């Protein structure tokens, strides 16, 4: 009887132990699955077919402005990760800003510096990506011979669109300098298409990338209304990418600046007119002064000095009646009525 009880206790203990272990294992599995899903949700990952010329390390750079897209230095590389034996790599985006930013991933050739960029051709070693803190982006290439050519991107439509635009910008016609006329024609078509993409794209960085490659600085006057509407459409965007764009457009004068310019122009014209009037008057006075006799000119000088008729008479040693006659003649020839008018004539 006691032996039977011991077996039951033993069975009960074993059952409890197995149940506890199962719950623990299940919890660990769920936790692991949760961690794995979270890792996938916040990451840039990929699987690359690599030729033997490449160092199996992927570098990640933060591109702060469109002017920095093709600059390279160790300072702008923010992370690196090894490519495993089957070509897989992974970057966590957990520390990224919550807003979309532009990034670049690249590989370097063996024995080349980490901060080396190859632009164009089959050995182009980089690609650009739009990402934020919660991005989940998967990349895979299709050929060892061209590292990032025709890559498959999953989990991010803006990045698919970005690569399409990048292909438009870097089409094969760029390598045909011998046919300048054809190249100019294709360029114009591409720029028109890029403006259309910029106008219709819903993602700000995608739209802006299309616009920045449409030769907008040289065609601003030709498509002025389009660019004004574009800036109005995205006026709420305050990312550094849009701030960079706004500095490249001619600044429209504000109402206050316009008022200052109009006022300055008005006073300049008014000053010119007044100066011309005084100049004309001065010429007339000089003409009339030449019409004065020698004796009248002497009297005129003394009148300018504020002398009375008696003082003039004594200084020039002429009679008072003669002085009055000269003064009257001067008034008539200069078309003035008083000594004050004569003093004012001298101020012109």
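The values are calculated or read from the model by the stated rules, or taken from the named source; none is laboratory data. Computed from a predicted model, the values in this text were never measured in an experiment. All Cβ positions, even for glycine, are placed from backbone atoms using ideal geometry, and neighbour counts span all protein chains on display.
Take residue 299 and tell me if it is outside any loop (DSSP other than H, G, I, E, B), out of contact with any strand residue (DSSP E or B) (no Cβ under 6 Å at 6 or more places or on another chain), at pLDDT 80 or above and not assigned by TED's automatic domain parsing to the domain that holds residue 217. Considered against the rule, which asks whether it is outside any loop (DSSP other than H, G, I, E, B), out of contact with any strand residue (DSSP E or B) (no Cβ under 6 Å at 6 or more places or on another chain), at pLDDT 80 or above and not assigned by TED's automatic domain parsing to the domain that holds residue 217, residue 299 comes out as yes.
Summed over segment 117-132, the residues that are in contact (Cβ under 8 Å) with a residue 40 or more places away in the chain and within 14 Å of residue 45 (Cα to Cα) give a count of 4. Being assigned to a helix (DSSP H, G or I) and modelled with pLDDT under 90 holds for only one residue in 216, 266, and it is 266. Could we say that residue 200 is at pLDDT below 95, under 23 Å from residue 99 (Cα atoms) and not assigned by TED's automatic domain parsing to the domain that holds residue 65 here? Criteria met by residue 200. Report yes if some residue within segment 153-175 is surrounded by 14 or more Cβ atoms within 10 Å (Cβ to Cβ), touching a residue at least 60 places away in the same chain (Cβ under 8 Å) and in a loop (DSSP other than H, G, I, E, B); otherwise report no. No; the residues of segment 153-175 include none that is surrounded by 14 or more Cβ atoms within 10 Å (Cβ to Cβ), touching a residue at least 60 places away in the same chain (Cβ under 8 Å) and in a loop (DSSP other than H, G, I, E, B). When the residues of segment 230-239 are filtered to those that are surrounded by 11 or more Cβ atoms within 10 Å (Cβ to Cβ) and assigned to a helix (DSSP H, G or I), the one that is farthest from the chain's Cα centre (by Cα) is 233.
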